[in-house]
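Trainee: The structure follows.
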Amino acid sequence: MKVQQSLWREGKGWASAPSMAFQPNIVFAFGAIDALANDTLYSEIRKVYPEGDIVLVSTAGEIHGDEVNDHTVSITACHFEKTAIKVVEGNVSDCANSFECGRSISQRLNGAGLRHILVFSDGISVNGDDLVRGINDDLPSEVVVTGGLAADAGRFTKTLVGANAEPQSNRIVAIGFYGDKLKITHGSHGGWDLFGPVRTVTKAVDNVLYELDGENALEIYKRYLGPRAAELPGSALLFPLCILGGDQESQLVRTILSVDDAAGTLRFAGNIPMGAQVQFMMANFDRLVDGAAKAAEQSADQSPELVIMVSCVGRKVVLDQRIEEEVESVCQYFGSNAAYTGFYSNGEISPQLGSTKCSLHNQTMTITTYHEVE
Amino acid sequence: MTGKKYHRLLERQLKKFLPGYPEVSEEWEALLSAISNSYEHSDNDRVLMETAMRESSDELMAKKEAVNQMLARQSHVLETLKEAASTLFPDRPSLENEDLLQLADVVQEEIQKREIAETRKAQSDQRLLDIIESLNLGMARYDLDGRLTQVEPRFADIFGRSEADMIGLHASDLSGGLGSEDQSRIQFYFTSNVFESPYRKNGEELMWLLCTTAPLFDDAGCVEGGVIVVFDITSRKKLEQEMIEARKAAEAGLELRKTILANVSHELRTPVNAIVGMSALLASTELNEQQRDYLKTMRFSSDGLLVLIDDLLDVSRIEAGKVELEEIEFSIRENFSELTKALRLRAEEKGLLFDWKIDERIASRHQGDVHRLNQIITNLIGNAIKFTREGRVGLEITFASETNDAQEIRFSVIDTGIGIASERQAAVFHAFAQEDSSTTRKYGGTGLGLSISKRIVEMMGGQLILTSEKNVGTTFSFQIQLKKASSEALAVKTFNPDLKGASILLVEDNKVNQFLANALLNSWKANVDISEDGQDAIDRLKEKQYDLVLMDLQMPIMDGFEATEHIREVLNSKVPIVGLPANALNGERERSLEKGMDDYVSKPFQPEMLYEKIHGFIFRS
C-alpha cells in the first residue's frame with residue numbers, strides 16, 4: 001500500500017500540498033468542525049484526488065504525524081494494492097434507532113472476504129453503544145470493527161460526517177476492507193484512575209442518567225467540579241464515569257455528551273444500565289500517556305504502514321498542551337516507517353481486549369494499524 | 001504594555017528574569033502565552049483535584065459513618081438474634097461467642113432440623129391417613145360454617161362423589177335423598193359424637209354409616225372446625241335387623257306359647273271346676289259311708305288338679321304382667337287364725353308339731369291383697385310340711401317398724417325339714433325347679449309354688465329370703481309394708497246369701513257352667529231364666545223385665561259383647577249386666593266394660609264374690 005499525507009489550515013488553505021500524481025482508493029480527512037463547515041473541503045480534496053472515496057469527519061483535534069493540531073484538516077490518501085474497499089453511508093434520521101442503523105450498515109458491507117469495518121458516526125445524535133451492537137449483530141466474529149464518533153472541539157452541539165460529499169450532521173460512514181492480504185491490528189487503553197465511592201445507578205433510561213444512590217447525578221457532578229461546573233458539559237470530561245464489571249477488562253468508560261439542567265439529567269455516549277456499579281475516574285497525567293503506549297503495544301504489529309489513532313476529547317482537555325506526548329509515545333513505538341493520522345473524538349469504537357466483538361469506549365486512545373502483506 | 005497579561009507567577013518570573021519586560025517581541029509573545037496557559041491549566045487542575053478530593057473525602061467519611069452506624073445496628077441485631085436464638089433453641093450450647101455468620105449457620109441448621117421434623121410429621125400424618133384409608137374409614141374436615149374443607153378419598157368414595165366436588169358441602173347436602181326431618185341424618189358436630197346414620201348412595205339401596213365427630217382446635221385452643229370419620233356398617237346393620245326380627249319372631253312364639261298355656265289351663269280348669277262343683281253338690285246329698293269315702297278321694301284329687309292348673313295360670317299371668325294386687329281390708333289375726341286351722345290339720349296328720357304366733361304390736365286391721373298373702377303363706381307352709389318328716393313347722397308374724405299410716409311386717413315360715421344345700425338355694429326360686437329332680441319323685445308338686453310366691457312378694461315390695469342348713473331346717477321369710485285400715489273396727493261380715501224376689505237372666509252356653517250358676521242362684525232363692533246365646537237373651541229382655549243379667553262372653557250365634565251393645569243401644573236398657581269372662585289373658589274384662597257391662601266376675605266364680613256383686617246391683621238402690 002501507498003500513503004500520501006497533507007495538511008489544510010482552517011481558513012488558510014493547503015499547508016502542505018498533496019501530489020496530484022498520487023491515485024488513492026480511499027482518502028481520510030479528519031478536520032476541525034469550523035473548517036469542515038465553512039471551507040468546502042470535499043470540493044478542494046476532490047480537485048486533488050479525482051479518483052477514490054473521500055471520507056470526512058469533524059474532530060476535537062487532529063492527529064497528523066506526531067503532532068496534534070487544532071483548526072486544521074489532516075488528509076491521508078491511501079492506495080491499497082491488494083485490498084478491495086467499499087464505502088457505505090447511513091442517515092440516523094432514516095433508521096428507527098441507532099441499533100437499526102448499525103444493522104443496516106453491516107448488512108450492506110457484509111460479503112465475501114470482509115476483514116474489517118472502519119466506522120465514523122455523528123457524535124451527538126447517535127447512541128454509540130446501540131450503533132456498535134447493531135453493527136456486530138449479524139457480523140462474522142473474525143471481522144474487526146473499529147472507528148469513532150465525530151466531535152466538535154468539546155462543544156457538544158453539532159458534528160459532521162460525510163463520504164464523497166460535503167459532510168453533514170446525523171451521518172454514519174462505514175468503510176469495508178476485503179481480502180486476505182490486509183493485516184489489521186488494534187489496541188485500546190485508558191489510563192484513568194478510579195476514585196471516590198462506588199455508586200449504584202438507581203435511575204437511568206438508555207444513555208440518560210438521572211440518579212446515583214438515589215441522589216441527582218448532575219448535582220453530584222456539579223459538587224465535584226466546583227468552580228469548573230460552569231464549563232459543563234465540557235468539564236464533565238474531567239470525571240468520566242466507569243461502569244464496573246466483574247473484572248477489570250470488562251470495565252467500560254462513559255463520557256458525558258450533554259446535560260439538561262432543567263431535567264437534572266446527563267446524557268452519555270453509551271448506555272448506563274440500571275443497577276450498575278459505577279465510580280468516578282480522574283486523570284493521572286503520566287498514566288494517560290502511558291495508556292497510549294499500552295494501546296500501541298496491544299496492537300502488536302511491529303511494522304504497520306498506516307496507524308489511525310482515535311483518542312478521546314476528554315484526554316485532550318486534561319493533557320492540554322502536553323497532548324502530543326501521547327501521540328509521540330505511539331509514534332515512538334511503531335517507528336518512522338508508518339504514516340500516522342487520527343483525531344480526538346466523542347467516543348472510540350474498538351473490540352474489547354481479547355475479543356473481536358467491538359464496543360464503544362470513552363476516554364481511551366484507540367489504535368488501528370494497517371499493512372498489506374505479500 | 002500595561003496590566004497583567006500572563007499568569008501571575010509567569011509575570012513575576014518575567015519581571016525578575018527578563019530584562020526589559022514588559023517589552024517583548026512578537027515571537028516571544030506567542031511562546032509566553034503558551035507558557036501562561038500551561039500555568040493556568042495547572043492551577044485549574046489543582047483546584048479541580050482539591051475540590052474533587054475534598055468532596056470525595058467528605059463523601060467517604062459520610063459513608064464510613066453510615067457504615068459505622070450500620071455496624072452498630074448490626075451488632076445490636078446480632079445481640080437480639082442471639083437472644084432470640086437462645087430462646088428458640090434452648091438446648092443449644094451458649095451462642096455468646098458466635099458471630100453473625102456462625103449464627104446464620106446455627107439458624108440454618110435448626111431450620112433444617114425442623115424441616116426434617118416437619119417432613120417426618122407429614123410422613124407420619126400421611127401414614128395415619130393411609131391407615132385410616134386402609135381401614136376403610138372415610139375422613140373429612142369441616143370449618144365453623146359446617147362446610148367440608150378437606151376430604152379424604154375413601155370418604156368421597158363412600159358417598160359416591162369426587163373429593164373436589166365435596167369441598168364446601170354442608171352436612172345437609174349428604175342426606176342422600178333422605179328427608180331433613182330424619183333425626184338420624186348426618187350432622188357436623190363440633191363436639192365428640194358417635195351416631196349411626198342412614199344414607200342413600202346415588203339414590204340407590206339404603207346404606208348405614210357409623211359416624212364419629214370431634215372438634216378441631218387452633219393454636220389458641222379455640223374450636224376452628226371439626227373432623228368426621230365414617231364407616232360403612234350396612235352389612236352389620238342388616239345382620240342386626242335380621243336378629244331383631246328373629247327375636248321378635250321368637251318373642252311372638254313365646255307369647256303364643258303363654259297364650260296356649262293359659263288357654264289350655266283354662267280349658268282344663270272348666271271341667272275340673274265342674275267336678276269340684278258337682279262333688280260339693282253331691283256332698284250335700286244323702287250318701288252312705290262308702291260313697292262318702294269315694295267322694296272324699298275324688299275331691300282330694302280334683303283339688304290337687306285345680307291347684308296345679310291355678311299355679312300354671314298364675315305363672316302365665318305373672319309372666320304376662322297381668323296380675324294386679326287388690327286393696328282389701330282385713331284382719332291379720334283373724335285371717336291367719338282361720339288359715340292355720342286347715343294347715344295345722346295337715347301338719348298334724350303327718351305327725352308334725354305346728355304353731356304360729358303374732359306380735360302384739362301388729363294393728364288390728366290392714367289393707368292389702370289378703371288372698372295373695374294367703375296364697376304365699378299356704379304355699380310356704382305346704383312346702384314346709386311336705387319336706388319335713390319330723391319335728392315342727394311354724395309361722396311367725398313379727399313387727400318390724402311403723403309409720404302413721406303403715407306397718408312393716410315380717411312373715412317367717414320355719415321348719416325342721418331336710419333343708420336346701422347352699423349351692424342349690426338360688427335355683428329353688430326358678431319355675432319348675434326343685435332341690436333336685438329326685439325331689440319331685442319323692443315329694444310330688446309342680447315346683448311352681450316358690451317361683452310364684454317370690455314374684456308376688458316382689459310385687460308387694462318385699463323380697464323372699466331363704467336361710468337353710470342341710471338336714472337342720474329351712475326358714476323362708478319376707479317383709480312387706482301393709483297400710484293400716486282407716487276404720488279398724490268393721491263389722492264382721494257374715495255370709496247369709498238371700499236373693500229372694502230377684503229375677504236374673506243367666507246367659508251361658510256351657511252346660512256345666514249353666515248348671516253350677518243356676519244351682520247357686522237357686523240356692524240363694526233367686527228367680528232364674530236361662531239363655532243359650534246373645535240373640536236369645538235380647539229376645540227375652542224384650543219380653544220381660546229382669547233385675548240383672550249374667551252374661552257369658554264367648555257364645556255361638558251372638559257373643560256377649562255384641563249382645564250387650566245391642567241391649568244398651570237398641571233396647572236402650574239400663575239393666576245391670578255382669579260379664580262372666582273366662583280367659584284371664586286376652587283383655588276380655590276390659591273389653592266387657594268398654595262394651596257397656598257394669599262389672600264382671602271371673603270364672604270359676606267364688607260364690608261369695610258372685611253373691612256380693614249381684615246383691616250390690618239389685619239391693620243397693
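The values are calculated or read from the model by the stated rules, or taken from the named source; none is laboratory data. Because the structure is predicted, anything quoted here is derived from the model rather than measured. No Cβ is skipped: glycine too gets one built from the backbone with ideal geometry, and neighbour counts run over all protein chains shown.
Trainee: Of the residues A:S311, A:S359, A:S355, A:S329, which is at pLDDT 90 or above, outside any helix (DSSP H, G or I) and not aliphatic (A, V, I, L, M)?
Mentor: A:S311
Trainee: Next question, about the same structure. So is B:A66 facing chain A (nearest Cβ under 10 Å), modelled with pLDDT of 85 or more, within 29 Å of A:L232 (Cβ to Cβ) and in a helix (DSSP H, G or I) or not? Spell out how you get there, then give the answer.
Mentor: Details: facing chain A (nearest Cβ under 10 Å): no; modelled with pLDDT of 85 or more: yes; within 29 Å of A:L232 (Cβ to Cβ): yes; in a helix (DSSP H, G or I): yes.
In short, no.
Trainee: Here's another thing I want to ask about it. Considering only residues that are outside any strand (DSSP E or B), closer than 11 Å to A:F280 by Cα and within 10 Å of another protein chain (Cβ to nearest Cβ), which ones fall in the range A:189-235?
Mentor: Narrowing the range A:189-235 to residues outside any strand (DSSP E or B): A:190-191, A:206-207, A:213-214, A:217-235.
Next cut, closer than 11 Å to A:F280 by Cα only: A:220-221, A:224.
Passing the criteria: A:I220, A:Y224.
Trainee: Among the residues of the range B:286-298, are any touching a residue at least 24 places away in the same chain (Cβ under 8 Å), surrounded by fewer than 18 Cβ atoms within 10 Å (Cβ to Cβ), in a helix (DSSP H, G or I) and outside the structural domain of B:E458 (by TED's automatic domain parsing)? Don't jump to the end; show me each part of the working.
Mentor: Restricting attention to the range B:286-298, the residues satisfying the condition of being touching a residue at least 24 places away in the same chain (Cβ under 8 Å) are none.
No, there is no match, as no residue in the range B:286-298 is touching a residue at least 24 places away in the same chain (Cβ under 8 Å), surrounded by fewer than 18 Cβ atoms within 10 Å (Cβ to Cβ), in a helix (DSSP H, G or I) and outside the structural domain of B:E458 (by TED's automatic domain parsing).
Trainee: So which of B:S75, B:S57 ends up being within 14 Å of chain A (Cβ to nearest Cβ) and of a type in the set (G, A, S)? Full working, then the answer.
Mentor: Working: B:S75 fails: within 14 Å of chain A (Cβ to nearest Cβ).
Among B:S75, B:S57, only B:S57 is within 14 Å of chain A (Cβ to nearest Cβ) and of a type in the set (G, A, S).
Residue-wise test of (1) closer than 30 Å to A:P197 by Cα; (2) in contact with a Cys (Cβ under 6 Å, 6 or more places away or on another chain); (3) more than 14 Å from chain A (Cβ to nearest Cβ).
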{"site": "B:P22", "(1), (2), (3)": "no, no, yes"}
{"site": "B:L31", "(1), (2), (3)": "no, no, no"}
{"site": "B:A52", "(1), (2), (3)": "yes, no, no"}
{"site": "B:K82", "(1), (2), (3)": "no, no, yes"}
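Trainee: Can A:E305 be described as in the same structural domain as A:N97 (by TED's automatic domain parsing), touching a His at 6+ places or on another chain (Cβ under 6 Å) and surrounded by fewer than 21 Cβ atoms within 10 Å (Cβ to Cβ)?
Mentor: Considered against the rule, which asks whether it is in the same structural domain as A:N97 (by TED's automatic domain parsing), touching a His at 6+ places or on another chain (Cβ under 6 Å) and surrounded by fewer than 21 Cβ atoms within 10 Å (Cβ to Cβ), A:E305 comes out as yes.
Trainee: Follow-up question, since we're still on this one. Go through the range A:252-292 and give me each residue that's at pLDDT 85 or above, in contact with a Pro (Cβ under 7 Å, 6 or more places away or on another chain) and either within 14 Å of chain B (Cβ to nearest Cβ) or in a loop (DSSP other than H, G, I, E, B) (or both).
Mentor: Scanning the range A:252-292 gives a single hit, A:M281.
Trainee: Quick one: how many residues across the range A:5-26 are farther than 18 Å from A:T369 by Cβ and either in a strand (DSSP E or B) or not assigned by TED's automatic domain parsing to the domain that holds A:T341 (or both)?
Mentor: Within the range A:5-26, residues that are farther than 18 Å from A:T369 by Cβ and either in a strand (DSSP E or B) or not assigned by TED's automatic domain parsing to the domain that holds A:T341 (or both) number 8.
Trainee: Continuing with the same structure: Among B:T212, B:T270, which is the only one that is of a type in the set (S, T, N, Q) and modelled with pLDDT of 85 or more? First the steps, then the outcome.
Mentor: Values: B:T270 fails: modelled with pLDDT of 85 or more.
On inspection, the qualifying residue turns out to be B:T212.
Trainee: Ok, one more. Examine the range B:410-420 for a residue that is under 21 Å from B:E326 (Cα atoms), at pLDDT 90 or above and surrounded by 15 or more Cβ atoms within 10 Å (Cβ to Cβ), and state whether such a residue exists.
Mentor: If we filter the range B:410-420 for residues that are under 21 Å from B:E326 (Cα atoms), which is where we start, we get B:410-411.
Filter once more, so that each one left must be at pLDDT 90 or above: B:410-411.
From what's left, surrounded by 15 or more Cβ atoms within 10 Å (Cβ to Cβ): B:410-411.
Within the range B:410-420 (the criterion being under 21 Å from B:E326 (Cα atoms), at pLDDT 90 or above and surrounded by 15 or more Cβ atoms within 10 Å (Cβ to Cβ)), the answer is yes, since at least one residue qualifies.
Trainee: Considering every residue within the range B:254-266, establish whether at least one is over 30 Å from B:G587 (Cα atoms), surrounded by 13 or more Cβ atoms within 10 Å (Cβ to Cβ) and of a type in the set (V, I, T).
Mentor: Residues of the range B:254-266 that are over 30 Å from B:G587 (Cα atoms), as a first pass: none.
For the range B:254-266, residues over 30 Å from B:G587 (Cα atoms), surrounded by 13 or more Cβ atoms within 10 Å (Cβ to Cβ) and of a type in the set (V, I, T): absent.
Trainee: Return the residue satisfying two criteria in turn: it lies in the range B:102-136 and is in contact with a helix residue (DSSP H, G or I) (Cβ under 8 Å, 6 or more places away or on another chain) and of a type outside the set (A, V, I, L, M), and of such residues it is surrounded by the most Cβ atoms within 10 Å (Cβ to Cβ). So that I can check it myself, show each step before the final result.
Mentor: From the range B:102-136, those in contact with a helix residue (DSSP H, G or I) (Cβ under 8 Å, 6 or more places away or on another chain) are B:103, B:106-107, B:110, B:132-133, B:136; that's our starting set.
Within this subset, residues satisfying the condition of being of a type outside the set (A, V, I, L, M) are B:110, B:133, B:136.
Numbers: B:E110: 14, B:E133: 16, B:N136: 12.
Result: B:E133.
Trainee: Give the number of residues within the range B:539-575 that are at negative phi, of a type in the set (V, I, T) and either in contact with a Pro (Cβ under 6 Å, 6 or more places away or on another chain) or surrounded by fewer than 20 Cβ atoms within 10 Å (Cβ to Cβ) (or both). Outline the logic, then answer.
Mentor: Kept after step one, since they are at negative phi, are these residues of the range B:539-575: B:539-556, B:558-571, B:573-575.
So of that shortlist, the ones also of a type in the set (V, I, T) come out as B:549, B:564, B:567, B:570, B:575.
Filter once more, so that each one left must be either in contact with a Pro (Cβ under 6 Å, 6 or more places away or on another chain) or surrounded by fewer than 20 Cβ atoms within 10 Å (Cβ to Cβ) (or both): B:570, B:575.
Of the residues in that region, 2 qualify.
Trainee: Residues being surrounded by fewer than 21 Cβ atoms within 10 Å (Cβ to Cβ) and under 19 Å from A:G148 (Cβ atoms): count how many of those fall in the range A:38-64.
Mentor: Residues flagged as surrounded by fewer than 21 Cβ atoms within 10 Å (Cβ to Cβ) and under 19 Å from A:G148 (Cβ atoms) within the range A:38-64 amount to 1.
Trainee: Okay, next question. Please work out if B:V223 is closer than 30 Å to B:N136 by Cβ, more than 30 Å from the chain's Cα centre (by Cα), in contact (Cβ under 8 Å) with a residue 12 or more places away in the chain and outside the structural domain of B:I452 (by TED's automatic domain parsing).
Mentor: Numbers: closer than 30 Å to B:N136 by Cβ: yes; more than 30 Å from the chain's Cα centre (by Cα): yes; in contact (Cβ under 8 Å) with a residue 12 or more places away in the chain: yes; outside the structural domain of B:I452 (by TED's automatic domain parsing): yes.
The answer is yes for B:V223.
Trainee: Pairs, please: C-beta under 8 Å, at least 6 apart or cross-chain, first residue in contact (Cβ under 8 Å) with a residue 12 or more places away in the chain and in the range B:399-419, second part of a loop (DSSP other than H, G, I, E, B) and among the hydroxyl-bearing types (S, T, Y)?
Mentor: B:D415/B:T388; B:T416/B:T388; B:G417/B:T388; B:I418/B:T388
Trainee: Let me ask something additional. Condition (residue is surrounded by 11 or more Cβ atoms within 10 Å (Cβ to Cβ), over 60 Å from the mean Cα position of the chain (by Cα) and at the interface with another protein chain (Cβ under 9 Å from one of its Cβ atoms)) applied to the range B:90-98: is it met by at least one residue? Walk me through how you get there before you give the answer.
Mentor: Pass one, the range B:90-98, residues surrounded by 11 or more Cβ atoms within 10 Å (Cβ to Cβ): B:92, B:95, B:98.
Applying the additional criterion that residues be over 60 Å from the mean Cα position of the chain (by Cα) yields B:95, B:98.
Cutting the leftovers down to at the interface with another protein chain (Cβ under 9 Å from one of its Cβ atoms) gives us none.
Checking the range B:90-98: not a single residue is surrounded by 11 or more Cβ atoms within 10 Å (Cβ to Cβ), over 60 Å from the mean Cα position of the chain (by Cα) and at the interface with another protein chain (Cβ under 9 Å from one of its Cβ atoms).
Trainee: Inspect all residues belonging to the range A:172-180 and state whether any of them is touching a residue at least 24 places away in the same chain (Cβ under 8 Å) and not assigned by TED's automatic domain parsing to the domain that holds A:G31.
Mentor: There is no residue in the range A:172-180 that is touching a residue at least 24 places away in the same chain (Cβ under 8 Å) and not assigned by TED's automatic domain parsing to the domain that holds A:G31.
Trainee: I've got another one for you. Look through B:L373, B:L308, B:L325, B:L312 and report the one residue that is under 30 Å from B:G587 (Cα atoms) and either part of a loop (DSSP other than H, G, I, E, B) or among the β-branched types (V, I, T) (or both).
Mentor: B:L325
Trainee: Taking the condition within 29 Å of A:I220 (Cα to Cα), under 19 Å from the mean Cα position of the chain (by Cα), surrounded by fewer than 24 Cβ atoms within 10 Å (Cβ to Cβ) and of a type in the set (S, T, Y), does A:S359 pass? Show your work before the answer.
Mentor: On the way: within 29 Å of A:I220 (Cα to Cα): yes; under 19 Å from the mean Cα position of the chain (by Cα): yes; surrounded by fewer than 24 Cβ atoms within 10 Å (Cβ to Cβ): yes; of a type in the set (S, T, Y): yes.
When the stated conditions are applied, A:S359 passes them.
Trainee: More than 13 Å from chain A (Cβ to nearest Cβ) and under 30 Å from A:F239 (Cβ atoms): is that true of B:L9 in this structure?
Mentor: Numbers: more than 13 Å from chain A (Cβ to nearest Cβ): yes; under 30 Å from A:F239 (Cβ atoms): yes.
Judged against the criteria, B:L9 is a match.
Trainee: Could you list, in sequence order, the residues of the range A:305-346 that are away from chain B (no Cβ under 14 Å) and on the phi > 0 side of the Ramachandran plot?
Mentor: Initial filter on the range A:305-346 (away from chain B (no Cβ under 14 Å)): A:305-313, A:326-346.
Scanning the range A:305-346 gives A:G335, A:G342.
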